[in-house]
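Step one of this worksheet: look at the structure below.
The values are calculated or read from the model by the stated rules, or taken from the named source; none is laboratory data. Just so we're clear, the structure is a prediction, and the values are computed from it rather than from any experiment. Virtual Cβ from ideal backbone geometry, glycine too; neighbours counted across all protein chains shown. What goes into the accessible areas is simple: the full protein's heavy atoms, side chains included, and nothing from ligands, DNA or RNA. Shrake-Rupley method; radii C 1.70, N 1.55, O 1.52, S 1.80 Å.
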Amino acid sequence: MPQQPRISLIAWCVVIALACATIAGCGAAPRESNDPDGPVSPEPFGEQVRDREAAPLEIADGADKVVAQPSYGVDPASIASAYDLGAILSLDPAETPATLERLGFEYEMGVPTGAWKSVSADTPLSPADSTTRLHTGVGGGETTPDLMLKGRRPGAISMNVTAPLASEEEAETVCASLLEAAGCEDELSRTVVDNYRFNRHEVTHIGACPEGGAGVLWRLDVWSQRLEGESSSYSSTTYSLAFYTRDGVLSSRDTSLMEAIGIYEPATAASAQG
């Protein structure tokens with residue numbers, strides 16, 4: 001089969017912007033599924049997430065100091081796979097940059113904030129002719145390693161795989177493999193959106209992280225964009241698997257994530273708007 005052409009610099013900027021929107025949240029109202037068979041949960045997602053004790057917020061004490069972050073006892077040497085996003089998020093923040101480099105990623109500046117690109121990472125679940133990057137969200141969406149070296153724990157970390165356009169069945173297979181490799185269980189909701197205007201199909205899975213780590217929620221977004229005409233060679237499917245701390249959920253302002261930890265009630269919001 002012919003190889004998929006390399007995505008242009010402008011196209012990569014769009015991909016990075018979409019990935020950062022995923023990890024930071026878009027603040028949109030909860031969406032409903034048009035899939036009659038897909039489970040849609042417009043109500044709060046249960047006690048196992050909302051009752052999770054919140055980690056203390058980091059408090060700046062001058063430009064270069066922060067209060068010590070909670071320790072989750074994760075040994076960097078125990079992380080052997082880039083898919084172990086929950087463990088990476090639970091590291092001592094100062095250990096995160098070196099761990100990502102050891103796993104085969106290199107930090108690169110970019111638009112709008114930057115990413116850790118794969119240099120020699122072992123990511124066998126990424127489809128052929130795809131590109132894998134990691135995004136970390138620290139503070140106001142910044143991603144620089146210097147912030148983590150100063151003790152700032154990322155509020156979220158995501159793996160973003162941009163691949164050639166896949167069918168729904170092929171995309172589901174990749175999603176299932178990613179979730180299994182990352183240890184993602186306890187799916188709480190699944191939302192399906194078809195944007196016919198832009199010929200885009202999007203599926204979002206949200207679930208609860210196991211207790212004992214920094215992460216409280218995981219989220220997997222997969223969207224397929226089919227372009228026409230001269231741009232058709234840039235049609236693609238993107239997979240974005242993210243793990244969020246409680247602070248990351250709060251800073252994302254994403255209603256579906258906040259609903260999952262029990263701090264956003266759709267009925268209350270609707271009555272306030274009315």
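If the condition is being assigned to a loop (DSSP other than H, G, I, E, B), of a type outside the set (A, V, I, L, M) and either modelled with pLDDT of 95 or more or crowded, with 20+ Cβ neighbours inside 10 Å (or both), then the stretch 93-113 contributes Gly104, Thr113. Thr162: surrounded by 22 or more Cβ atoms within 10 Å (Cβ to Cβ), over 15 Å from Leu134 (Cα atoms), within 16 Å of the chain's Cα centre (by Cα) and not charged (D, E, K, R), yes or no? For Thr162, the condition - surrounded by 22 or more Cβ atoms within 10 Å (Cβ to Cβ), over 15 Å from Leu134 (Cα atoms), within 16 Å of the chain's Cα centre (by Cα) and not charged (D, E, K, R) - is not met.
Filtering the stretch 98-124 to residues that are of a type in the set (A, V, I, L, M) and touching a strand residue (DSSP E or B) at 6+ places or on another chain (Cβ under 8 Å) leaves Leu100, Ala115, Val119, Ala121. The C-beta contact set for the stretch 140-167 (first residue at negative phi and at pLDDT below 90, second residue open to solvent by less than 30 Å² (accessible area, probe 1.4 Å) and in a loop (DSSP other than H, G, I, E, B), distance under 6 angstrom, 6+ apart or interchain) comprises Thr143/Gly114. With the condition kept exactly as written, say whether any residue in the stretch 63-70 is at pLDDT 95 or above, surrounded by 15 or more Cβ atoms within 10 Å (Cβ to Cβ), of a type outside the set (D, E, K, R) and out of contact with any strand residue (DSSP E or B) (no Cβ under 8 Å at 6 or more places or on another chain). Taking every residue of the stretch 63-70 in turn, none turns out to be at pLDDT 95 or above, surrounded by 15 or more Cβ atoms within 10 Å (Cβ to Cβ), of a type outside the set (D, E, K, R) and out of contact with any strand residue (DSSP E or B) (no Cβ under 8 Å at 6 or more places or on another chain).
Taking the criterion of being assigned to a loop (DSSP other than H, G, I, E, B) and touching a Pro at 6+ places or on another chain (Cβ under 9 Å), the only residue of the stretch 70-89 that qualifies is Pro70. In the stretch 176-189, the residue that is farthest from Ile88 (Cα to Cα) out of those that are over 13 Å from the mean Cα position of the chain (by Cα) and buried (at least 18 other Cβ atoms within 10 Å of the Cβ) is Ser189. The condition of being more than 18 Å from Asp254 (Cβ to Cβ), of a type outside the set (D, E, K, R) and in a helix (DSSP H, G or I) holds for Ala176. Scanning the stretch 108-132 for residues that are more than 21 Å from Tyr234 (Cα to Cα), in contact (Cβ under 8 Å) with a residue 24 or more places away in the chain and out of contact with any Phe, Trp or Tyr (no Cβ under 9 Å at 6 or more places or on another chain) yields Thr113, Asp122.
If I filter the stretch 135-143 for residues that are farther than 24 Å from Glu211 by Cβ and open to solvent by less than 10 Å² (accessible area, probe 1.4 Å), do I get at least one hit? For the stretch 135-143, residues farther than 24 Å from Glu211 by Cβ and open to solvent by less than 10 Å² (accessible area, probe 1.4 Å): present. Among the residues of the stretch 146-173, the ones that are farther than 24 Å from Val216 by Cβ and in a helix (DSSP H, G or I) come to 8 in all. How many residues are open to solvent by 20 Å² or more (accessible area, probe 1.4 Å) and in a strand (DSSP E or B) when one looks only at the stretch 192-223? Matching residues across the stretch 192-223 total 6.
Please find, among Leu149, Leu125, the residue that is farther than 22 Å from Cys209 by Cα, of a type in the set (A, V, I, L, M), open to solvent by 20 Å² or more (accessible area, probe 1.4 Å) and touching a helix residue (DSSP H, G or I) at 6+ places or on another chain (Cβ under 9 Å). None of the others qualify; the one that does is Leu149.
Of the numbered criteria (1) closer than 30 Å to Ile263 by Cβ; (2) touching a residue at least 60 places away in the same chain (Cβ under 8 Å), the one Glu185 fails is (2).
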